[in-house]
Each structure stands twice: as structure tokens, then as C-alpha cells.
Amino acid sequence: MKKYVLYPGCVMPTEQYAYEMSIREVLPLLNIKLVDLEGFSCCGEPIKSVNQMLSLALSARNIALAEKEGLDIFAPCPMCHLALSESKRILDSELGMNEKINKFLADEGLSYTGKVDIVNTLDLLHDIVGVDKIKELVKKPLKELKVATHYGCHLIRPSEIGRPDDSENPQKMEKILEAIGAKPLDYPEKLDCCGGLLTANLPDSALTKTGQKLQKVQEQGFDAFIDICPWCHRQYDSKQTKAGEIVAAKLEVPVFYLTQLLGISFGISKDKLGLDLNLSPVDKLNLGGK
Amino acid sequence: MGIVDLTSMGESQVKLRSEINERLSRLKDEISDYCFQCGKCTSGCEAHKLLELEPHKIVALLKQGLIDEMVNSDVIWTCMSCFKCRERCPQKVAPVEILFALKNMAVASGKQIPGNYTAMLQSVLSIGLLQDVKSVTTRDNKTISRSDLNLPKVSKPTDPTKFQMMLSKLAVEKV
């Protein structure tokens, strides 16, 4: 059994509960133990536009907290995963910055040494657990469910920092979905952005991006849309109705977190996976059962 | 310790101004030198069609010295940070990073921060997170809280005073 510190970030633990619930249900079945830790803060990435230094220091502080436990970090949010990875990269390669940041951390009795790894849901499932192990646990295969995947920009770019999948042709979600019986299909808009980061200053433009992508997915006859990022899911699922209004389309695309779909195929009950919290019409697929 | 300290970095405006100018001339002379205006960044830009962001033009304008104009322009705030330009630039210019720098400078020079960024910053300062725990609505319109779902307490800085102290020290540092 491999142990990780769960770094929850902000959006998942304050409103995107379905992601957290499904993670906490699914990962233990795959021999991953999650350790909760007090004291974490925002990773800083969402306010990088305001102050990059702040972003770097916040991430370093969060890594330092996990280092104290001597455990690797599991960051389910792609934005957090990027912020932590980038901070690690800078602190590991720039001695001056490392010393500077460590001076700030010392006030809280923390220090960054760079000895822990940072993983996301995608590499944890695909690279560490592995598709074969996932296959073994499937009780209710998702018979030929035609699914469109959405990785989220921060999960695959910039590749220079080291991301869990390829920047132009990511396939790990597809591999995982095939293992549970679904049928992922390619589509031209796969790499389009959800617009979520514009919510801070241009919320209608953010929803236009969301609506435009969902409209294309709907037109192409997909059964479901699968994401893995709490920011993207907030756009595609929580705000789907609003996004539809903005692009003047009636959107009815069932949206799931990848971990929710895994849970369904493992026979975990809907309640435990937070399926009631999905606001998109997930009922029309008749998956799972009570 | 407030938003102003954090965004103005606690520096006097004159000193700050020269600091910013130095950063910007680096952008102008070093980074944009490599750009040969192939337009690959703009062709893939997520904000291009919708909001008319043209990363290659921003790099060209910086090169021409139109720095203040860029810092004060609203267009720098249309970037969605999808990182496609950074990924695809054959010269590793990374317009998205230039935009982050321009936005940071706009904020540091006292220009008003657009939209909800102020509230987000304020929240990080006071509770360590972008927002506090929310109640959510289910598909059949029931209101549910985090504790109803048997999820553990949210992880936040345990000593807010010490946490804020670290942030305020940071504020005195340069951008």
C-alpha cells in the first residue's frame, strides 16, 4: 500500500465535493492510502496574475508541510499540481530563490528541501496503479458508453515543467476509460480550454468558452463528458445551464469526474460518489443504481 | 497588512517604478528578441477568437517600446492561461509568461485590479484559501453542506497570524 499526503487545494474541498468523495472511495480500493494534513493553503496559481512571487511561496510552503511528514503529495487539482510542480522546479534549480523562499518559510518552522514527489489523479491511476489493476476491480463495465474526455490545460501544459500526459495528444484518460468498458472517442475540440480562469474578471466570456465546447460535444452524439479538474468541472457541470443560456443552446450533456465513473464501474453506490451533486443530466444514462 | 501592501509590494512608487522599468526592458530586449513573428501563438490562442488577444502582436509592441501601453491595456487580462502559446512557440518566448509579468506589473504600479481578484486575494490572506466552505445544491434542489457528506474538516493554515506574517514579509520583496 502506497501512502500519499492529500493536498486538496481550494476549489475541491470548498465546493466540488463529488471529486473529493469519489477520490476517497476509489483510491483505497487501488491500494492507495491518503493522509489528511492540517495547515495547507491555496497553491497560488489562481492569483499568479496578481503576484507570481506569492504563488511561488505559497506552493513551496505547501510542499514543505508534506515534506515534514516525509510523504509524497497527491494533488488532484491540475492547477495545484502545476503550481506545486513549477515551484519545485524553480526551487530545485535556482539556489538564490531557494534560499530566499526558505527564509520566509522559517517563520512557520518549515523548510523546503525538494525530497518529495508530486502526483495528480491521472498519473497516479495510470502510471502508479496501472490499467491492469483497475481492470481487475471492474464489476459493472460501462458497456460501450461513448465518452469525450477533457484533460484541462494545466494538466498537460507546459510540458517543460513535466506534466502527467502529452501536451498535444493525451491518451491516459482514454486508456483508463477503456479499462472500465467505456468507449472514448477523439473529437476536434478535445484540447479546447474551459475558460474557467476568466471567471475572476470576465465571467461571461468564461461561460462562452464552456458552452461552445459542450455544444460541439453534444452535436457529435457523445453519451458523456469526462473531466478530472475541479475548475473545469465547475464550468462544464455546475454551470452547464448558464453556459447553455450564454451560447443560446439547450445543453444536456452528462458530465462526470473520471473518479466517479471509476467508482460506478467498481460497484460503489451513487451516494458515496456524490453523484447527486452533479448538476448536469447524469440520470439519463441510468448508471450505477443505488 | 492589507491588499494594498500586498499588491503595491510595500515599495515607494518611485523605487517601484524603476524596478518595473528594469523588468520591462528585460522583456523588451531579451525575450522579444527571439520572436520572429510566426504567429503560431496567436493561431492557437484560446482567447484570440473570443476576445481578440493576439500574443504575437503584444510581443512585437513590447519590442517597439510600447511598454506602458501594454501594462495599462485591458487586453492583457483576457489571457486564460491555457499555456498553448508557451507549448507551441518554436523560439521559447512564452507569451503567457510575458502576460503574467505584465499583469503583475500593472497590479504593482497601482492600477486597479480587475474583477474578483481582490476578493480572492483577501480571502487567501484571511483564511488561506480562495474561498471558504460552501453549501451546494443537489440535482433535486436539496442544500447540502460539506459535513453532511461526512468529509473531514478542510485543511487551512493552523496559525493565521504566522501565515499572514509570512505573506506580509513577502509583500516587501520585489515582484
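The values are calculated or read from the model by the stated rules, or taken from the named source; none is laboratory data. Quantities reported herein were computed from a predicted structural model and do not represent experimental measurements. Note that each Cβ is placed from the backbone with ideal geometry, even for glycine, and that neighbours are counted across all protein chains shown.
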Notebook entry, point to check: In region A:207-216, is there at least one residue being within 14 Å of chain B (Cβ to nearest Cβ), surrounded by fewer than 19 Cβ atoms within 10 Å (Cβ to Cβ) and either assigned to a loop (DSSP other than H, G, I, E, B) or within 15 Å of the chain's Cα centre (by Cα) (or both)?
Noted result: no
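Within region B:126-133, is there a residue that is more than 7 Å from chain A (Cβ to nearest Cβ), in contact (Cβ under 8 Å) with a residue 60 or more places away in the chain and of a type in the set (S, T, N, Q)?
no
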Checklist line | Output for region A:52-96, where each listed residue is surrounded by fewer than 24 Cβ atoms within 10 Å (Cβ to Cβ) and assigned to a loop (DSSP other than H, G, I, E, B) | finding: A:GLY70, A:LEU71, A:GLU94
Check: For A:ASN31, which of the numbered conditions (1) touching a strand residue (DSSP E or B) at 6+ places or on another chain (Cβ under 9 Å); (2) within 7 Å of chain B (Cβ to nearest Cβ); (3) at positive phi fails to hold?
Finding: (2)
Check: Of the residues A:GLY267, A:GLY274, A:GLY263, which is within 11 Å of another protein chain (Cβ to nearest Cβ) and either touching a helix residue (DSSP H, G or I) at 6+ places or on another chain (Cβ under 9 Å) or small (Gly, Ala, Ser) (or both)?
Finding: A:GLY274
Margin query: Given the criteria within 14 Å of another protein chain (Cβ to nearest Cβ) and within 16 Å of the chain's Cα centre (by Cα), does A:LEU125 qualify?
Written below: no
Next item on the list: Determine whether region B:127-146 contains at least one residue that is assigned to a helix (DSSP H, G or I) and either over 25 Å from A:CYS229 (Cβ atoms) or at pLDDT below 95 (or both).
Entry: no
Check: Which condition breaks for A:LEU6 when tested against (1) touching a Gly at 6+ places or on another chain (Cβ under 6 Å); (2) over 27 Å from B:LYS103 (Cα atoms); (3) surrounded by 24 or more Cβ atoms within 10 Å (Cβ to Cβ)?
Finding: (1)
Next item on the list: Name, by its number, the condition in (1) surrounded by fewer than 16 Cβ atoms within 10 Å (Cβ to Cβ); (2) under 30 Å from A:ASP271 (Cα atoms); (3) among the aliphatic types (A, V, I, L, M) that does not hold for B:VAL133.
Entry: (1)
Next item on the list: Would you mind finding the one in A:SER159, A:SER167 that is among the hydroxyl-bearing types (Ser, Thr, Tyr) and either modelled with pLDDT under 95 or out of contact with any Lys or Arg (no Cβ under 6 Å at 6 or more places or on another chain) (or both)?
Entry: A:SER159
Item checked: A:TYR236 modelled with pLDDT of 95 or more, closer than 25 Å to A:CYS153 by Cα, in contact with a Leu (Cβ under 8 Å, 6 or more places away or on another chain) and not β-branched (Val, Ile, Thr) -> yes
Notebook entry, point to check: Which of (1) closer than 30 Å to B:GLY39 by Cβ; (2) more than 7 Å from chain A (Cβ to nearest Cβ); (3) hydrophobic (A, V, I, L, M, F, W, C) is the odd one out, the single condition B:TRP77 does not satisfy?
Noted result: (2)
Check: Looking at (1) at pLDDT 95 or above; (2) on the phi < 0 side of the Ramachandran plot, which is the one condition that is false for A:GLN52?
Finding: (1)
Checklist line | Hey, A:GLY195 facing another protein chain (nearest Cβ under 8 Å), under 17 Å from the mean Cα position of the chain (by Cα) and of a type in the set (Gly, Ala, Ser) or not | finding: yes
Check: Listed residues A:GLU160, A:GLU178, A:GLU174, A:GLU168; which is surrounded by fewer than 23 Cβ atoms within 10 Å (Cβ to Cβ), outside any loop (DSSP other than H, G, I, E, B) and within 11 Å of chain B (Cβ to nearest Cβ)?
Finding: A:GLU160
Next item on the list: Could you check B:ALA101 against (1) surrounded by 17 or more Cβ atoms within 10 Å (Cβ to Cβ); (2) away from chain A (no Cβ under 11 Å) and say which number it fails?
Entry: (2)
Check: Can you name the residue in region B:43-71 that is farther than 17 Å from A:CYS193 by Cα and of a type in the set (Asp, Glu) and, of all such residues, is modelled with the highest pLDDT?
Finding: B:GLU69
Checklist line | Residue match in region A:189-201 (condition: among the charged types (D, E, K, R), in contact with a Cys (Cβ under 8 Å, 6 or more places away or on another chain) and under 30 Å from A:LYS143 (Cα atoms)) | finding: no
Notebook entry, point to check: Taking into account only those residues within region A:34-51 that are outside any helix (DSSP H, G or I) and more than 7 Å from chain B (Cβ to nearest Cβ), which is nearest to B:VAL75 (Cα to Cα)?
Noted result: A:GLY44
Next item on the list: Within region B:100-123, count every residue that is in contact (Cβ under 8 Å) with a residue 40 or more places away in the chain and in contact with a Ser or Thr (Cβ under 8 Å, 6 or more places away or on another chain).
Entry: 6
Next item on the list: Please name all residue pairs, on different chains or six or more residues apart, with Cβ atoms under 8 Å, provided the first residue is in region A:145-166 and is acidic (Asp, Glu) and the second residue is in a loop (DSSP other than H, G, I, E, B).
Entry: A:ASP165/A:TYR151; A:ASP165/A:GLN171
